[in-house]
Structures are given as C-alpha cells and as structure tokens.
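The values are calculated or read from the model by the stated rules, or taken from the named source; none is laboratory data. This is a predicted model, so every value here is computed, not measured. Reconstructed Cβ throughout: ideal geometry from the backbone, glycine too, with neighbour counts over all protein chains shown. Only protein heavy atoms, including side chains, enter the accessible area calculation; ligands, DNA and RNA are left aside. Shrake-Rupley method; radii C 1.70, N 1.55, O 1.52, S 1.80 Å.
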Amino acid sequence: MFDSLLDEDATTLAAMIRSGDVSASELTQAALARMARREPDIQAFCTPTPDRALAQAKALDARRARGETLGALAGVPLAVKDLICTASVRTTSGSAAYQDFIPDDDDITVERLLAADAILLGKTTAPEFGYSGVGHNPLFPSPRNPWDLTKTPGGSSAGSGAAVAARLCPIALGSDGGGSVRIPAAHCGIYGFKASMGRVPLWPGCRDERYPGVSSWESLEHIGPMTRTVRDAALMMSLMAGPDMRDRHSIPCSDVDWLGAPDQPVEKLRIAFSADFGYVAVDPEVRAVVSGAAQRFAAEIGAELELADPGFSDPSAAFGALVAMESDLSGMRRMMEQQGDRMSPHLVAMLQRDWRAETFTDAITTRKAVSNSLWRFMQRYDLLITPTLAVPPFALGMQGPEIIDGRMVRSDHWLSFCFPFNFTGQPAASVPAGFTASGLPVGLQIVGRHLDDALVLAASAAFERIQPWNHLQPGIAQ
C-alpha cells in the first residue's frame, strides 16, 4: 500500500514523515520491496544496504516518537555513487583493486545528507574510477536505462541515474568531473545539477592511504544531486553546499538562497542557444528536440534568444590530458601491473600513453583559453543553452558512437557539450527536453555565469513549469 509513495518527490516525503503521515520504516520497506522487483532488470546498485536502511529508519521513527526534531531529508531513500566514500559500506570505485575496500569515513556530502536524516539504500554502479561516460566496469553488471533496457543510462554516475529514473529512490548523489551528473540525467530523463566549482566540498582524503593512486580530479570534479524535480535538487544543495576545511577549494555559499532559488523570477533574460558549438556532430533528433525546447522556453518566459557559439575550438584533447595529469599515474600504473586484464581497457590505454610535460602544460593553456572565451561570451548573456549530449542513449557495452550525423568521430565526441564547464567551474544543469521518435530521453543543458547558481536553478524550475516531466515514467516504473 505504500509503494505509490515512492513516486512522490523527496520534499513531500520528508514532510510526510515529519508529520507522522507515514513512518520512515514503512517508506524504507516500500523502497526495498520495489528494488526487489525492479533491480534485477535495472542493475543500478552494486552494494545495496537493506539492513542498514531498516535500522536507520527504525531509529528515526523512535526519535520522532520521542518528540525529537527530524532533519530536512527525514526518512528519504538515498542512493550514493560507488566513487563517493561511505563509512562502513564497501566503496569499490568499480575496480578489482578496491573490491573489498570499506572506508572509515563518509565523504563530506554523505556526512551532510545523513545528518539531515536521509536513509542510505546503497551504493550505485559506476565505471572504473569514473573514467567513462557509460557504466560498465570489471566488477558488476552494467546498469541499464529504464526507458530501454538495451541502452546505456550514461555515466559515470550510471547507477544513480538509473535508480532515480526507475523510481527506486527519489534522490541520488553523483560526481561530475566531465559531465558525469549531467550525462546520466540526460539519458535517463531526470534532473542533474552541477554547482559552481567549490560550492560543494570534496574530501578525497576519506580514502585509506594504504590504497593506491585514486583521488578526485581536483580542479575538475564536482559532486551533485540527481533528482526528479528541481526543488529536490535545491533541497539537497541547501544541505551539501558550504565550506569545509577538508577541501581547500570550498567556498562560502551565503550568497545563494538554495531553497528559494526555484521560485526566483526569470525575467528579461538574454539567452544564447548553441546547437553544436560550431564543431560538434549532433544527432538530428537531438538537435530538433533541444532547439524546439529552447525556443519554447524563451518564448514562454519572454526571454531574448540568440543563436550564438562560445567561440572556442574543440578542447577534448586538453580534457584528456588534464584528467591524466590529475590522476596518480604512477600509483595507477602499479595497480595496472597487479590487476592485469581485470582493469578496464580504456583506462589501461590512458595509463600506457607516454604523457609528456608539454602535453600537460598545453592542456592548461587550452583550459585558460576556454575559460577566458566563456567569460567574455557570458558578459553578453545571462544563460547559455545547449544539448546536454550529442546523441540519445545508445547500446550497452559501447564507449560511444563513432558515427554521428554521418560524421566519423571519436568514441567520446558525444560528451562534447559537458566537460568545458568543468574547465570553467560554471554551474550547469540538465533538464529533460523531450524524447526521440523511439521514446528515448533527450536532455537540454542550462549553463550560467560562474557563481550564478541561483539563476540556473530558477531557470530550470521555470522550464519544469513550462514543460513538466516528473509525471512521465519509463515502462519499467509503470
């Protein structure tokens, strides 16, 4: 009888539990029952934590019975990407080297969400160390897209995206070093938000020092919410954002009213729309869906929409070099020698490359050029709208299509709209823009000026009001 509650958003569920309309135990049992039915098809979770979830819920109910105040996420089921550390819960990072690793500490974001009384359902599958835009890894079955089980949900926050879309939980944590929150949000028809760099603190130090070579890509990585509504993402941001002395890059967030941002009016905006950045091969259906959604959005809110490209050339080679530079190449190469063919082939290829100092310095120079170009571009516009991805969801097992709109491209070309905003640290979100003729989700990306997170959330909420999506469910969720 409680199963339908899981179709409610997190904001509503927390209010119901605080008021006593439903207990945390009842909701958790419903979530676990739904997982038992749907998870064999979706394969979103690599490490479910049912016993812990039930114990958390029971303790929460006891606190409420004693009259204690419950947190903002009281009893809400939460999924956490397997790259994000969870104390006493296995965190494999999708690698055989970490298959038995149990951290002593929570990441800062997990710490904050659990302190707000979220219930941890488990860890969600990700590619090895996050080095991919899809979800397969050497340890676990690939997560499947709830809209078409033969297709990828995207990555690297693959399981988190699939879990939210399949309505196993209303909220999840993902990490985004080159689009990995926005990619599965677009492919799974949900909302994904990457805040400005430093808004949400990271703590790579939660890993055991005995383990080799793995840390976040320090100048690229963000942790962000994956939800079915903009308001739930804003709620999560209100809890996760704010400085922490464990992250020297974290910044104050007192200038953002996270909870109020979705209700902020969006008036007299100047919006740039770029369908291809001037160089990206884009699937014709994606181009048509996103173009139509952008025009409708601008017309409905009375914004000035201009077709304009940011003006930089393809920086993908620089992105690959920056990822390598911010990896522990020596530690991961030792790991590669130990793991042999148990390591992902694309990761092995990156580690075997003969990286040169000039390649890294050239990448830094390119990053500066892209950042300067986007800063100048955003002086003329309040927002930039693009496709989130160049293609709809594609077959499981692929790294990416090598032909898009008749052009031969690299297998990572489809990610071209995402990683430039990891270069710059600008806030960016993916909203569901519509569907292809075969019923596959297409995402639209909304990008703001650096630190203008509130406007990105406000614009996302305005788009959600104009073109609602939360009532749309994949077949597996019906």
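Run lengths n ≥ 4 of DSSP H only: what is the helix-derived mean residue ellipticity at 222 nm for the chain, with -39500 (n - 2.57) per run over all residues, to the nearest 500? Value at 222 nm, helices only: -11000 deg cm²/dmol. Quick test of the membrane-span-like rule: which DSSP H helices of the chain reach at least 30 Å along their long axis (C-alpha atoms) with mean Kyte hydropathy at least 0.0? The answer is none, since no helix passes both cut-offs. For the pair the range 66-92 and the range 319-366, the centres of their Cα atoms are 33 angstrom apart.
Taking every alpha-carbon pair under 8 Å whose residues sit at least 6 apart, the chain reaches a relative contact order of 17 percent. DSSP beta bridges confined to the chain are antiparallel in about 65 percent of cases. Normalising by residue count, the range 319-465 has a Cα convex hull of 158 Å³ per residue. Given a 1.4 Å probe and every protein chain left where it sits, what share in percent of the accessible area of the range 282-324 is carbon and sulfur? The value for the range 282-324 is 50 percent carbon and sulfur by accessible area. For the pair His346 and Leu54, label points projected 7 Å from Cα toward Cβ lie 3.9 nm apart. Taking label positions 7 Å along the Cα-Cβ direction at both Asp3 and Ser254, the computed distance is 5.0 nm, reported to one decimal. Straight-line cross-link reach from Lys268 at under 23 Å between alpha-carbon atoms covers no lysines, not counting any fewer than eight positions away in the same chain. Taking a straight line from the alpha carbon of Lys368, these lysines sit under 27 Å away, with near neighbours fewer than eight places off in the same chain left out: Lys194. Taking a sphere under 11 Å around the Cβ of Gly242 and counting the other residues whose Cβ falls inside, with K and R at +1 and D and E at -1, yields a net charge of 0.
Spin-label model, Leu149 to Ala65: label points 7 Å out along the Cα-to-beta-carbon direction sit 4.0 nm apart. Over all distinct Cα-Cα pairs of the chain, the Kirkwood formula returns a hydrodynamic radius of 22.0 Å. Using r as the Cβ-Cβ distance of Trp355 and Ile403, and R0 as 41 Å, what FRET efficiency do you calculate, to the nearest 0.05? Computed FRET efficiency for Trp355 and Ile403 comes out at 0.90.
Within a straight-line Cα-Cα reach of under 14 Å, Lys123 can be paired with the following aspartates and glutamates, leaving aside sequence neighbours fewer than 8 residues apart in one chain: Glu39, Asp51, Asp82, Asp100, Asp106, Asp107.
The order of the peptides 352-360, 391-399 by mean Cβ neighbours within 10 Å, most packed first, is 391-399, 352-360.
How big is the gap, in Å, between the Cα center of the range 159-189 and the Cα center of the range 215-293? Cα centroid to Cα centroid, the span is 13 Å.
Where the centroid of each part is defined by its Cα atoms, how far is the range 26-60 from the range 445-470 in Å? That distance is 31 Å.
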